[in-house]
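Trainee: Below is one structure. I have some questions about it.
The values are calculated or read from the model by the stated rules, or taken from the named source; none is laboratory data. Computed from a predicted structure; not experimentally measured. Every residue, glycine as well, gets a Cβ built from its backbone with ideal geometry; the counts of neighbours run over all protein chains shown.
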Amino acid sequence: MNRFGRLFLQAISYAAFAMTVGYFASMPAYRYADAGAASVKISLSHAADKVAPCVQLTQEEIAEFAANMRRTETCERQRLPLFFEFDVDGARVLTIEAPPSGIWGDGPSSIYERINLDPGRHRITVRLRDTARTEGWDYVKSEEVVLEAARYFTITFKEATGGFNYR
Amino acid sequence: MAKLKSFFRILFVRAEYAFDMAFGQKCNPLSWLGSLGWYFFWIVAGTGVYLYIFFDTGITDAYASVEYITNDQWYAAGVMRSLHRYASDALVIVVVVHLLREFSLDRLRGKRFFAWLTGVPALFFIYLCGISGYWLVWDELAQFIAIATTEWLDALPFFAEPIANNFLNSTTLGGRFFTLMVFIHIFAPLFMLLLMWIHIQRHARARVNPPRPLAIGTAITLIVLSLLHPAVSQGPADLDAVPTELAFDWFYLAAYPLLDMIPGGQLWLVIVGGLAVLALFPWLPPQKPAPAAVVSLDNCNGCARCFDDCPFGAISMVRRSDGKGYETEAAVSLEHCLSCGLCVGACPTSTPFRRATEIVPGIELPEYPITGLRESTIAASSQFGEGPRVLVYTCEYSGADKLRNEGAQVITMPCIAMLPPSFIDFTLSRNLADGVVLAGCAEGDCYYRLGGHWTLQRLNGERDPYLRKRVDRNRVCFMRTRPGSGKQRQAEFADFAATLADLPPASHKKSRDE
Ligand code: SF4
Ligand code: SF4
């Protein structure tokens with residue numbers, strides 16, 4: 001092949017390379033979320049009660065420990081799971097049982113969910129149980145909110161500020 | 001596995017042929033994929049250093065600083081930004097093609113495992129560098145990457161609290177993760193460089209620079225692309241807004257959309273499992289290696305030519321162990337030797353001009369003894385038919401064994417550089433053929449890396465052992481060819497045969513050694 005033909009083929013090769021790089025570096029666009037939906041994020045990290053209450057030790061039991069290791073009560077390390085419910089307009093959307101973290105099951109339980117809902121007015125109800133009770137809930141929040149399209153609505157939990165928080 | 005390999009080989013044979021037409025063998029990009037990878041890495045590193053001057057590493061001002069880079073200083077930093085992005089994308093392309101091509105050529109099996117195995121973690125680092133880089137722009141895409149990555153990481157059982165909480169909404173945004181990404185984006189490339197360096201450790205004289213025309217051509221291509229289609233940011237990150245449609249870099253981010261279909265934990269399994277299986281490819285299935293080169297101390301004078309020529313650093317010169325008057329002797333590492341035979345071609349004692357029926361050179365391959373090569377040469381000389389008698393010495397990878405169909409006698413060996421130049425002299429001076437063809441792999445693409453290069457230097461008298469001056473160069477043809485270049489090979493062969501036909505008949509010359 002003559003020099004001109006070769007240069008022409010090289011130009012085509014480089015152009016094809018540039019087009020491949022340039023195109024796939026930004027196209028085709030990725031549709032991450034439905035532009036017409038609102039996104040609800042639920043995030044909570046909270047330590048439930050221990051599986052059993054602490055037990056007071058007798059004087060004899062305390063005396064059995066080395067002097068620098070003495071303590072007055074003994075506690076189970078393991079925690080209970082968290083029970084969580086999420087309702088929208090009275091209908092159950094999520095039921096989660098979140099186990100405690102850590103190898104010994106002594107860490108906090110965590111819940112993280114992302115759900116798409118139709119925008120507009122909704123009654124959102126969340127319930128959480130962090131104790132050994134089998135009936136009823138330790139924290140409940142139910143409120144009417146307006147969800148906007150392509151906006152995040154976050155539900156978080158902080159025990160210190162009284163429980164659930166909507167934003 | 002074998003079928004997959006041959007499928008890719010067929011594709012590559014065609015592509016190699018096409019690129020030979022455009023770039024010539026010497027600059028065929030497919031022969032320089034590894035070097036192009038290095039080249040793009042340096043472009044990314046160089047442009048990255050420049051961009052860092054203007055980049056604000058705090059999460060609140062990062063976006064504005066990237067906007068300044070892109071818009072206010074479009075002519076310098078903006079071009080650098082585009083080059084930074086496009087060279088990173090080009091890096092992914094050449095690395096993936098490099099991996100597929102080495103796989104198709106089987107250049108990963110057995111003792112060649114090292115480069116493959118060290119290349120697999122390098123893939124991980126390429127992605128770590130790329131993804132952390134997109135994060136730093138702190139635009140909508142970065143926000144998507146931050147949320148998707150942390151949610152994906154949360155699928156692993158490592159974190160007591162979901163790390164995605166860091167990006168829950170605008171009130172929870174902190175600079176902690178961003179600073180971490182800045183560090184990762186600086187240190188991951190350094191680790192990658194270290195891995196790239198380890199990757200080529202078993203290659204003597206590793207090629208890390210592409211030929212100049214290819215380097216200039218690719219640089220111009222990337223600059224033109226940067227000017228015509230500059231890399232830009234998307235809208236600023238807003239953790240209260242859902243990014244819905246994103247301009248997406250599929251070279252780096254293709255795994256993310258899969259998270260819409262597969263749970264994060266399963267995708268980790270697919271990726272980590274896939275990389276683990278990839279790392280095992282050199283042993284799938286296990287293969288018995290060819291016996292390594294063997295040194296015969298009685299014939300080794302410690303000249304170190306084999307040491308200089310071994311492409312895989314398999315030979316070391318060690319203190320003499322047999323009490324002979326030489327300082328050193330050659331020692332072959334069984335783990336590194338790929339039985340290519342380049343050392344045999346380099347050894348001055350590998351000569352067919354010897355009286356003894358059994359020739360034992362200083363170093364040779366047990367499967368391809370020099371005595372056998374001499375016998376094959378003599379035997380081939382009695383097999384010629386009509387027309388010029390052409391003896392072709394070739395390697396297993398050039399495809400030149402097909403020259404049999406053109407009436408040539410063909411002797412095959414692992415690499416053309418295994419042939420000591422004295423064999424050419426032997427063949428012609430003994431009138432065993434009218435002409436000799438040495439056919440090796442395409443230029444710059446030797447299966448054993450340096451075979452073609454050393455052969456040419458030996459023929460040109462630039463590298464020991466030389467082809468003797470008395471050899472008529474008109475009767476010697478060095479052909480660099482590929483399996484897919486049959487027509488060119490035939491044409492080159494026909495030209496050579498025609499030249500031979502015009503020469504006066506060859507005569508028997510006596511050698512000094514006889
Ligand atoms: S056969 Fe090849 S790899 Fe082995 S020692 Fe000789 S030149 Fe090196
Ligand atoms: S080239 Fe031959 S003679 Fe020289 S050191 Fe190697 S084996 Fe010995």
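Trainee: Counting just the residues of region B:310-352 that are more than 11 Å from ligand 2 (Cβ to nearest atom) and of a type in the set (A, V, I, L, M), which one comes out nearest to B:Arg112 (Cα to Cα)?
Mentor: Looking at residues that are more than 11 Å from ligand 2 (Cβ to nearest atom) and of a type in the set (A, V, I, L, M), I get B:Leu338.
Trainee: Mind checking whether some residue in region B:305-312 is at pLDDT below 95, outside any helix (DSSP H, G or I) and surrounded by 20 or more Cβ atoms within 10 Å (Cβ to Cβ)?
Mentor: Scanning region B:305-312, I find at least one residue that is at pLDDT below 95, outside any helix (DSSP H, G or I) and surrounded by 20 or more Cβ atoms within 10 Å (Cβ to Cβ), so the answer is yes.
Trainee: Has region B:33-49 got any residue that is modelled with pLDDT of 90 or more, in a helix (DSSP H, G or I) and within 28 Å of B:Pro285 (Cα to Cα)?
Mentor: yes
Every residue, every condition in (1) under 30 Å from B:Leu253 (Cβ atoms); (2) loosely packed, with under 12 Cβ neighbours inside 10 Å; (3) touching an Asp or Glu at 6+ places or on another chain (Cβ under 8 Å), yes or no:
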site	(1), (2), (3)
A:Arg31	yes, no, yes
A:Asp34	yes, no, no
A:Ser39	yes, no, no
A:Glu60	no, yes, no
A:Ala91	no, yes, no
A:Pro99	no, no, no
A:Gly102	no, no, no
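Trainee: Are there any pairs with C-beta distances below 6 angstrom linking a residue in region B:245-274 that is more than 11 Å from every other protein chain (Cβ to nearest Cβ) to a residue that is surrounded by 14 or more Cβ atoms within 10 Å (Cβ to Cβ) and of a type in the set (Asp, Glu), with the two at least 6 apart or on different chains, and if so which?
Mentor: No pair meets every condition.
Trainee: Are there any pairs with C-beta distances below 6 angstrom linking a residue in region A:14-29 that is facing chain B (nearest Cβ under 7 Å) to a residue that is surrounded by fewer than 19 Cβ atoms within 10 Å (Cβ to Cβ), with the two at least 6 apart or on different chains, and if so which?
Mentor: That search, which allows pairs on different chains as well, returns A:Gly22/B:His229; A:Phe24/B:Trp250; A:Ser26/B:Ala247; A:Ala29/B:Glu245; A:Ala29/B:Ala247.
Trainee: Please go through region B:356-382 and pick out each residue that is away from ligand 1 (no atom under 16 Å from the Cβ) and within 26 Å of B:Arg482 (Cβ to Cβ).
Mentor: B:Ser376, B:Thr377, B:Ala380
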